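The structure appears below as structure tokens.
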Amino acid sequence: MTKSIRLGTAIAVAGLLATATACTGQSSSSPGFAGRHLSAERGAHGAGNGAEVDGERAFTLLASGEILPHSPIIDRAAEDAGGRGYDFRPMLKGAAPAVSGADLAICHMAAPYGQKGGPYTGSPSFKSPPELATALRATGFDSCSTASDHSLDDGAAGIGRTLDALDEAGIAHAGTARSAAEASRPTLLRAGKGENAAKVAHLAYAYGTNGIPLPPAQPWAVDLIDKDRIIADARAARGAGADVVVVSLHQGTEWQDAPDDAQIALGRELTASRTGERPDIDLIIGTHPHVPQAYEKVNGTWIVYGTGNQIAGPMVNREGVQDPRAGESSMGRFTFAPPARPGERWAVRKAEFLPQWFDTRAGRIVVLGPDGTAGGSDSRPPGIHDRIARAVLSRGAAQDGLVEGK
């Protein structure tokens, strides 16, 4: 299916090809906010962050954590809809200013969508309400990675429903596909407008599908992590005109604060890959561990090893204990500026992280200030902000210029 052209700062051109434990979970009002207003005019979505750095073509890219709707999340969305389906917008409302304020915003849709009207399920085999796509769009997301260990929870049909719903909502996607042709094309996004727009490729891959085999007739349905394949796809995206190549990776050891050896090794290999003097990949965003992990600049390229969960229900860790870290995450925000000469690299002029907490009892996202509060007001359980910041900064990112965003 061909994606429709977006009227705002992001235009989706097409979708691309694509040892851990499975994710576990325990099991009435209008949102009262406006998401991204699509406009042809630059600056409608907070593009000033980029413009302050290096002229008109600079742009900000924000990436958030996993959207993993366990059964309590689905039930909460039903309550928020007041008996009229499912409304996820109130859950996402806290993140909307940061998401809609970026020129491009990327989510990770970790679960496939079920049929309209249900039934819907949480862990261990996810089928989420397709209304979630509408809420992601209203919040301001432009593209979502869809390659995860749960991509095949409802088979190829679930992938098809997920991508159909994202298309209908006007959200681009990368990592799963409905056809070989769709799998062979890169997802290209635009930041800006006209000839001055930056072209951003979004690629996504997962470590596996929880033992569910790829459909024999559809081996391209989910993009799986393979170093050589990722590099080849990145180079193909660059050949298709991408100024910036962003790779989403669903991998890592669940509940481990530090990135594992496989994450670190793959990050080093991918960031070392170059065509001439130009790196093939400009940014790596990781998901899957369910807890915030470090940011690190490797070979001159930023890696977010693990964002954590943006939305998830109560979860049990590997020791069988309900783990509050399942509600902790960070959003990464990177300002890219154009090169002085054509053909050189777009550089990250500013790298930021925004600590975030999902209150499972209220069913709401809270973006935390440095004092551990929501914008300096609501008090939250102590220690959350500092725990997230420690994980994010644990591999020396502050020395390379990473700062906490506002």
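Tell me yes or no: at least one residue of region 258-267 is within 30 Å of PRO342 (Cβ to Cβ) and not in a strand (DSSP E or B). Yes, some residue in region 258-267 is within 30 Å of PRO342 (Cβ to Cβ) and not in a strand (DSSP E or B).
The set of residues from region 118-172 being within 16 Å of the chain's Cα centre (by Cα) and basic (Lys, Arg) comprises just one member, ARG137. Considering (1) crowded, with 20+ Cβ neighbours inside 10 Å; (2) within 17 Å of PRO219 (Cβ to Cβ), the lone condition that PHE141 does not fulfil carries the number (2). Going by the structure shown, is ALA204 buried (at least 18 other Cβ atoms within 10 Å of the Cβ), out of contact with any Ser or Thr (no Cβ under 6 Å at 6 or more places or on another chain) and of a type in the set (Gly, Ala, Ser)? So ALA204 fails the test.
Table: residues versus (1) in contact with a strand residue (DSSP E or B) (Cβ under 6 Å, 6 or more places away or on another chain); (2) more than 21 Å from ASP164 (Cβ to Cβ); (3) in a helix (DSSP H, G or I); (4) among the aliphatic types (A, V, I, L, M).
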position	(1), (2), (3), (4)
PRO72	no, yes, yes, no
ASP75	no, yes, yes, no
ALA78	no, yes, yes, yes
GLY83	no, yes, no, no
PRO90	no, yes, yes, no
LYS93	no, yes, yes, no
ALA96	no, yes, yes, yes
ALA111	yes, no, no, yes
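Restricting attention to region 354-400, the residues that are of a type in the set (S, T, N, Q), modelled with pLDDT of 95 or more and surrounded by fewer than 19 Cβ atoms within 10 Å (Cβ to Cβ) total 2. Out of region 163-216, which residues are in a helix (DSSP H, G or I) and either at pLDDT below 95 or under 21 Å from MET109 (Cβ atoms) (or both)? Within region 163-216, LEU163, ASP164, ALA165, LEU166, ASP167, GLU168, ALA169, GLU182, ALA183, GLY194, GLU195, ASN196 qualify. Looking only at region 262-285, which residues are under 16 Å from LYS297 (Cα atoms) and among the acidic types (Asp, Glu)? Result: GLU269, ASP280, ASP282. Among the residues that make up region 267-282, is at least one of them more than 23 Å from ARG345 (Cβ to Cβ) and either touching a Leu at 6+ places or on another chain (Cβ under 8 Å) or crowded, with 17+ Cβ neighbours inside 10 Å (or both)? Checked region 267-282: no residue is more than 23 Å from ARG345 (Cβ to Cβ) and either touching a Leu at 6+ places or on another chain (Cβ under 8 Å) or crowded, with 17+ Cβ neighbours inside 10 Å (or both). Looking at GLU328, is it charged (D, E, K, R), crowded, with 21+ Cβ neighbours inside 10 Å and either in contact with a Pro (Cβ under 6 Å, 6 or more places away or on another chain) or modelled with pLDDT of 95 or more (or both)? Here the answer is yes, as GLU328 does meet what is asked. From the list ALA326, ALA347, the one residue that fits, being under 18 Å from GLY122 (Cβ atoms) and of a type in the set (A, V, I, L, M), is ALA326.
Inspect region 241-257 for any residue being assigned to a loop (DSSP other than H, G, I, E, B), under 18 Å from ALA105 (Cβ atoms) and touching a strand residue (DSSP E or B) at 6+ places or on another chain (Cβ under 8 Å) and give the result as yes or no. Yes, some residue in region 241-257 is assigned to a loop (DSSP other than H, G, I, E, B), under 18 Å from ALA105 (Cβ atoms) and touching a strand residue (DSSP E or B) at 6+ places or on another chain (Cβ under 8 Å). The residues of region 339-353 that are part of a loop (DSSP other than H, G, I, E, B) and buried (at least 21 other Cβ atoms within 10 Å of the Cβ) amount to a single one, TRP346.
Residue under question is VAL403, and the condition is that it be at pLDDT 95 or above, surrounded by fewer than 16 Cβ atoms within 10 Å (Cβ to Cβ), out of contact with any Leu (no Cβ under 7 Å at 6 or more places or on another chain) and in a strand (DSSP E or B); does it hold? Here the answer is yes, as VAL403 does meet what is asked.
The values are calculated or read from the model by the stated rules, or taken from the named source; none is laboratory data. Since the model is a prediction, treat every value here as computed from it, not as a measurement. So basically every Cβ, Gly included, is an ideal-geometry build from the backbone, and we count neighbours across all protein chains shown.
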